[in-house]
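All of the numbers you see were taken from the coordinates with simple rules; none came from a lab. Nothing here was measured: the structure is a model prediction, and the numbers come from that model. Note that we place each Cβ from the backbone using ideal geometry, even for glycine, and neighbour counts take in every protein chain shown.
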Amino acid sequence: MSQPSTRKPTKKAFHFPKHANGHAKADEQQANEENAPAVAAPDAEPASTKAAKPKRAKPVDAAPVSPAVEVKAKRARKEKVVRDSFTMPKSDYDKIASLKQKCLDAGVSVKKSELLRAGLHLLDSAPATRLVAAISAVETVKTGRPAKS
């Protein structure tokens, strides 16, 4: 008589993402290290007599950190980013592309937002008379999205 056979469940029946919580990846690496054949040095004992121990990283000697520096590091946070949209003439928009090309020729890769922020820093450091002159040189544009054509 044959015994009743039981089927193994398919992978779909027991699907758990491998890296859902990050622990599976570490467990997998540890299992790979334990299952990997040990390469012994010629003067070392054979691997069969040694007990398998998981490899641990040696502690790194860190320079002593003063409490004041540690508190400062906790306070340093990135500033929140704000998304905004604005309207500008095509000629001004083309100037952004030419400024980006100037930066590339100088060996610096720059984004549009970085160019605009750099311009703000320059205007902020300029004297008030120069700022007013730059503002008066810019033509006013109707705000909002352009009409679809």
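When you count the other C-beta atoms within 10 angstrom of each residue and take the mean per peptide, 114-126, 77-89 line up highest first as 114-126, 77-89.
Label positions at H121 and A97, each projected 7 Å from the Cα along the C-beta direction, are separated by 2.6 nm.
Rg/Rh for the stretch 90-137 to two decimals, with Rh computed the Kirkwood way over all alpha-carbon pairs. Walk me through the numbers on the way to the answer.
Numbers: Rg = 12.2 Å, Rh = 11.8 Å.
Value, to two decimals: 1.03.
Restricting attention to the stretch 90-137, the count of lysine pairs at 8 or more positions apart or across chains with alpha carbons under 14 Å apart stands at 6.
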